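Below is one structure, written out as structure tokens, with a few remarks after it.
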There are 4 protein chains.
Amino acid sequence: MEPGAGSLLVAAVAERIAGLGLVAQTTVGVHQTIVAALGDTAGRDELDAELAELPGVERVVRISRPYKLSSIEATMHEPTTLHIGGREIGPSTFCMIAGPCTVESREQTFAIAESVAAAGASMLRGGAFKPRTSPFAFQGLGREALEILSEARDMTGLPIVSELLDITQADLFRDHVDVIQIGARNMQNYTLLREIGQMGMPVVLKRGLSATIDELLQAADYLLRGTEQVILCERGIRTFETATRFTLDLSAIPALRQRTHLPVIVDPSHASGDRRLVGPLAAAAAAVGADGLLVEVHDDPTQAHCDGPQQLATADFGGFVERIAAHAGLAGRTLA
Amino acid sequence: MEPGAGSLLVAAVAERIAGLGLVAQTTVGVHQTIVAALGDTAGRDELDAELAELPGVERVVRISRPYKLSSIEATMHEPTTLHIGGREIGPSTFCMIAGPCTVESREQTFAIAESVAAAGASMLRGGAFKPRTSPFAFQGLGREALEILSEARDMTGLPIVSELLDITQADLFRDHVDVIQIGARNMQNYTLLREIGQMGMPVVLKRGLSATIDELLQAADYLLRGTEQVILCERGIRTFETATRFTLDLSAIPALRQRTHLPVIVDPSHASGDRRLVGPLAAAAAAVGADGLLVEVHDDPTQAHCDGPQQLATADFGGFVERIAAHAGLAGRTLA
Amino acid sequence: MEPGAGSLLVAAVAERIAGLGLVAQTTVGVHQTIVAALGDTAGRDELDAELAELPGVERVVRISRPYKLSSIEATMHEPTTLHIGGREIGPSTFCMIAGPCTVESREQTFAIAESVAAAGASMLRGGAFKPRTSPFAFQGLGREALEILSEARDMTGLPIVSELLDITQADLFRDHVDVIQIGARNMQNYTLLREIGQMGMPVVLKRGLSATIDELLQAADYLLRGTEQVILCERGIRTFETATRFTLDLSAIPALRQRTHLPVIVDPSHASGDRRLVGPLAAAAAAVGADGLLVEVHDDPTQAHCDGPQQLATADFGGFVERIAAHAGLAGRTLA
Amino acid sequence: MEPGAGSLLVAAVAERIAGLGLVAQTTVGVHQTIVAALGDTAGRDELDAELAELPGVERVVRISRPYKLSSIEATMHEPTTLHIGGREIGPSTFCMIAGPCTVESREQTFAIAESVAAAGASMLRGGAFKPRTSPFAFQGLGREALEILSEARDMTGLPIVSELLDITQADLFRDHVDVIQIGARNMQNYTLLREIGQMGMPVVLKRGLSATIDELLQAADYLLRGTEQVILCERGIRTFETATRFTLDLSAIPALRQRTHLPVIVDPSHASGDRRLVGPLAAAAAAVGADGLLVEVHDDPTQAHCDGPQQLATADFGGFVERIAAHAGLAGRTLA
């Protein structure tokens, strides 16, 4: 829409789109308002002219990519900046999300939360419901963990990020969590994507172990039908190499930048499975242009309930943040 | 348990296991009854002797693999034979599951159903709810499709196989379907696995695009906590090769045979994405020792709503079945 | 060229091609003679008409694929049949190449050779110069091994297949070997390909661990500039799955059939690294339409110098050949 | 050996090793001298004590990894620093190797060489003999290209890096080149590795498209039997992702650091195949701890004979070097 086009004009365009048998979806940004016309428009070339003539319409752009709402054309090449719990995620900041793999106790969580807050973290992550490869492995503290995280937010002011596995827990997450994480193994669980999108909350969507960049963006489209606040997360892909648990695909960051307006962060902890690699890979993520990190920190990794070998110690986290911030700073970014 | 150990003895063993802080799970087979003791038993070597002394206990076996209920040790190396809707799936049969990628109409479905039944198919497959990479693609006819499939079963006597995406549709599937299919993209959707297992129905579990054989068997463990009727399905993995849509991993069939008692079938249609490859790959699946096939058949593939290029034509299906049955016959298998 | 076009007409066409700044390569087959015009012909559409008018020219076909001489258009869709040491390799036979991973001694080699010959093998394979991942591993008996293989041929009448690593050994191979094998790790060693092609002998070219089908056919083009007798060999590709050493890509057989006129065989021994999988995979290779097998057989695999776990025992080889021949027989093939 | 152990003592140790049926290989470094005992020492535990007692021996260390000479234990965890043509490659520098994919003409090469020298490059790279997937593609200017590079060295003082494909060209490379490059497709061409190692010159060894880190180090062992000056190069691996030409495996840099004393550089040009990704990936390589880059630069990439889309323009190279140097500088490295 043209700058200054009022809500009546926007509504009229949306109505006309519906009248043409398509679905209209309106996104109101700071600099621009966009009305997407979703549906099968192949061969209907006359639509462009028809919509272009409506009052208030600045331009009509066709998106021929397999993904639509997440494509960079959907915002006319303007990167999206999100504001979550007082933190800004976007092209001029670096968002440091840190915390334990899984919430183990009130004391442990508070200790870690205060530690990472003092070191400059932007948000607190912590697992409550854990997706485990085997049904016989520890599955997380559940509701109790979310309540602990909620208290930790009150103490530190850090917004909370936690993974949702089952939509029946939606209310619990609405009450206690600021950002819903969708795990790699659920990236193509379309039922869950649709339902989480409908919650209208900020979401971190992790790339599936063998998902292409195109598939990641199509999965984001499921979410974007309900929420505008989607953050993508590269966390390593499956390859033949076994020296690291997964292969962190840092090329995906600039490749995504060419294709999408959404922020992209990196999880070096799950990618490598080895804390000695987390520092170098986190620095590389900052240098390659990521908008932030999702990193596991534990007060005593050797005693962690899960994924101990990949968690940073809180004692080392301050120096870690400094080094990463220096790399991010070279591109003009400051910690969110 | 010893042959002839009555249900009272079995119950007593289960109770003792519970008394030791473990979870007992009882499987009653034709030749043997097995009581699994699930939980953290590392370092508790005294348990073996304690359980071995209980009346009716024949042997105590520790399963050190990451998967338990699906492991071949869980049945003392006896392959499982399933009976579903009058069809036998196991080591002496070859189960030919055929039908359209997606149910498009009543007429189309009936025509295909009669065609594949006449050609010797064992079950009818058909998509009702389709998992689609993009939210803007055709998502299937839903409930109506299941009702049509149900009618097709009445006409042909073929049990019905269809994919369940959302547990809120459980009742619908209980009413209309004989075997629930879990798609590759949901293989590690543990919430769904647990819920479908609880339905107690037969399940076809497809291997994830980048799931290892070990992960497939651990996913089966989720199901096996609720149902004993699980069929595994190899359908191609993600590799660097782009000449075929996926790389069908036929080595997985004998590799699974060494590790699990569960039946294993093969889906050559999704693996290749090209009907010209379906015949050769189906013959290879029969020769490599698979227990059956899941294959897409359409009356007019050029007009199919989805995946047209990979669907066999009904006109070619009779000859196809003959060729496959000949290969399966060399190993003493007859069509289920 | 038209059937009946004499060598003078063929030579005239080749000369005209050279006159146009291209390289001419003539292939004289049983049913047809083909003159390839190699070079940059993009944008020179007038060439087709010019060549089509020459006396004796039947048709001019442009091959737009990245591979040329190996493409199925290069022989007008006629599959190539090779005759090597009295054995026929092509669409109506199944070529069983068997023998030890590496030649260890005269006695062992003779024993295995007589065993596999009696069981119906078509050719004898044996390693003389071994490509080893580590420079500190056993590298083969070298020249002595080739002399032993040569004697084994005299005893059994089986043509000999062995791998050449270094072109300085060309004379040795010319004297003692019937088919030169190029290993997977040398598939893109273009210097070696060119030099081996120039030897004009039959060649088995193994697919590289991460080579696409297109790259395999382009590698074959290097050989085909010097020899017409090229056999392709699928031997497993690198994927994330670690349950088998490599992932045997049997889809490649029908995919190659659509693209090339060259015979294709399968090596199930290196692909799986486990003799228990060799039988099933060999049967699958026969069923999927391969033209033969390259399989490792040893008189006492537990004592083998290398790759013991994947070698079949000579005692089991007779039954193995029978089972494979039955699957190949269903497609009308007899043992070569 | 102990610091100060003279050459006589070293020679005596080597002789004793030979007397024990093993191969001795001596490496004289700045801080230490090491004598490797190569051969099958499994089960010969008495060797350790026997060698430890020889005069001048400080310690005896067993290396149980599959690679030996390249393992970090081989230098007692001291990283190797190389000096090539006045440039230092090692832990305190960052080695920027830049130049055209292929040498096209004298003028072009001189222009690029002066440009990259002015911008701060450490060495000049240029292709003379090109390994091409198809035999019908441009194969490089050959000898003429090497002579041009040699002249460019005289003009700029930059050492020359170029790929050797065929050992018959060894003399040509000795005359004109400072560092021999071994391409990814030849990483497991063991004949070539052995021969190039014997030349005793500095070598850049590129990782194969599907080579594991362990295999790369075993390939380096082939070279290290002849030369001590080996640089490893990560250049992208084959995965399922097609948005980039290969997947640059930056995790390999810290993973290699844990395993080897050899310097490791990164080639972001071939990995991505897209110059827009080269800048971000080069920054990431510097941040992750690489010892340098191998990057393609052309005066007019749109007109390049090969790989145009991935080559940086000389006009952009100065800014590129500044940004990369800033990231490398955060870890205390200066341009070599």
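The values are calculated or read from the model by the stated rules, or taken from the named source; none is laboratory data. In this text the structure is predicted, and so the values were computed from the model without any measurement. FYI the Cβ positions are ideal-geometry reconstructions off the backbone, even for glycines, and counts take in every protein chain you see. Please note that ligands, DNA and RNA were not included when accessible areas were found on the heavy atoms of the full protein model with its side chains. Shrake-Rupley method; radii C 1.70, N 1.55, O 1.52, S 1.80 Å.
A few remarks follow.
- Across the range D:1-83, the relative contact order, built from alpha-carbon pairs under 8 Å that are at least six residues apart, equals 26 percent.
- Residue of chain B nearest the B-to-A rotation axis [by Cβ], rounded angstrom distance: B:210, 2
- Between D and A, roughly 2600 Å² of accessible area is buried in total, ligands, DNA and RNA not counted and the probe set to 1.4 Å.
- Largest accessible area first, the listed residues A:77, D:261 line up as A:77, D:261 when surface is computed with a 1.4 Å probe on the assembled protein chains.
- In the context of the full protein assembly, residue D:312 retains an accessible surface of approximately 10 Å², using a probe radius of 1.4 Å and ignoring ligands and nucleic acids.
- When nucleic acids and ligands are ignored and a 1.4 Å probe is applied, residue B:61 ends up with an accessible area of around 60 Å².
- Label spacing, shortest first and in nm, from residue A:61 to its equivalents in the remaining copies (7 angstrom along Cα→Cβ): 4.6, 5.7, 6.2
- Heavy-atom accessible area, 1.4 Å probe, ligands and nucleic acids excluded: residues of the range D:249-282 down by at least 10 Å² from chain alone: D:249, D:250, D:251, D:254, D:255, D:258, D:259, D:276, D:277, D:280, D:281
- For residue C:305, no residue whose modelled amide H falls within less than 5 Å of its own remains once neighbours fewer than 5 places apart on the same chain are excluded.
- Accessible area (Å², 1.4 Å probe, nearest 10) - residue A:206: 10 Å²
- Accessible carbon and sulfur surface of the protein assembly as shown relative to its total accessible area, %, 1.4 Å: 49 percent
- Computed on the range D:262-310, with alpha-carbon pairs under 8 angstrom and 6+ residues apart, the relative contact order is 46 percent.
- Projecting the Cα atoms of A:57, A:31, A:72 onto the charge dipole of the range A:1-86 (Cβ charges, centred on the Cα centre) puts A:72 farthest toward the positive pole.
- For residue D:261, distant residues with modelled amide H under 5 Å away: D:72
- Among the chymotrypsin sites (Phe, Trp or Tyr not before Pro) in the range A:70-172, those located in a DSSP loop and surrounded by at most 15 other Cβ atoms within 10 Å of their own Cβ are A:138.
- Per residue convex hull volume, Cα atoms of chain A, in Å³: 139 Å³
- Gyration tensor verdict on the range B:1-108 (Cα atoms; rounded if a/c is under 1.5, prolate if a/b is larger than b/c, oblate otherwise): prolate
- The charge dipole of the range C:151-202, taken about its Cα centre with unit charges on the Cβ atoms of Lys, Arg (+1), Asp and Glu (-1) only, comes to about 240 debye.
- Normalised radius of gyration (Cα atoms, divided by 2.2 N^0.38 Å) for the range D:186-336: 1.06.
- Distances from residue C:3 to itself in the other copies, using label points 7 Å out along the Cα-Cβ axis, amount to 6.9, 7.7, 8.7 nm in increasing order.
- Solvent-accessible area per residue in the range A:287-329 equals 34 Å², computed with a 1.4 angstrom probe and all protein chains kept.
- Kirkwood hydrodynamic radius computed over the range C:146-253 comes to 14.6 Å, based on all pairs of distinct alpha carbons.
- Note, ³J(HN,Hα) from phi for the range A:87-100, Karplus 6.51, -1.76, 1.60, rounded to Hz, x at Gly and Pro: 10, 9, 10, x, x, 10, 10, 10, 9, 9, 9, 9, x, x
- Reduction of at least 30 Å² in accessible surface, 1.4 Å probe, comparing all protein chains with the chain by itself, residues of the range A:204-225: A:210, A:212, A:215, A:218, A:222, A:225
- Scattering profile of the protein assembly as shown at q = 0.05, 0.07, 0.09 Å⁻¹ [log10 I(q)/I(0), Debye over alpha-carbon scatterers]: -0.40, -0.83, -1.44
- Cα gyration tensor shape for the range B:84-140, rounded if a/c is under 1.5, else prolate or oblate: oblate
- Antiparallel DSSP beta bridges within chain A, as percent of all bridges there, nearest 5: 30 percent
- Each Cα pair under 8 Å and six or more residues apart adds its separation to the average, and for chain D the resulting relative contact order is 17 percent.
- Note on the range D:141-242: with charges restricted to the Cβ of Lys and Arg (+1) and Asp and Glu (-1), its dipole about the Cα centre is near 280 debye.
- Highest mobility in the GNM of chain A, judged by mean-square fluctuation with C-alpha springs under 10 Å and restricted to A:305, A:83, A:31, is found for A:31.
- For the range D:229-246, the residues whose backbone nitrogen is under 19 Å from a point 7 Å from the Cα of residue B:242, taken along Cα to Cβ, are D:236-246.
- 3J(HN,Hα) along the range B:76-82, derived from phi through the Karplus expression 6.51 cos²θ - 1.76 cosθ + 1.60 where θ = phi - 60°, amounts to 6, 6, 9, x, 7, 10, 9 Hz, with x in place of Gly and Pro.
- Within a Gaussian network of chain D (alpha carbon springs, distance under 10 Å), most fluctuating of D:127, D:273, D:43: D:43
- Taking B:90, B:21, B:289 as the candidate residues, the one with maximal mean-square fluctuation in a Gaussian network model of chain B, Cα springs under 10 Å, is B:21.
- Point-charge dipole on Cβ atoms (K/R +1, D/E -1) for the protein assembly as shown, about Cα centre, debye to 20: 0 debye
- Between the amide H of residue B:125 and those of B:98, B:99, B:161, distances stay under 5 Å, these residues lying 5 or more places away or on another chain, with hydrogens modeled in the peptide plane.
- In sequence order, the range C:160-169 has phi-based couplings of 9, 10, 8, 7, 9, 10, 9, 5, 5, 9 Hz under the Karplus curve 6.51 cos²θ - 1.76 cosθ + 1.60, θ = phi - 60°, and Gly or Pro positions carry x.
- In the context of the full set of protein chains, residues of the range A:29-178 present 42 Å² of accessible surface per residue (probe radius 1.4 Å, heavy atoms only).
- 7 Å along Cα→Cβ, label-point gaps from residue C:79 to other copies, nm, shortest first: 3.0, 5.6, 5.6
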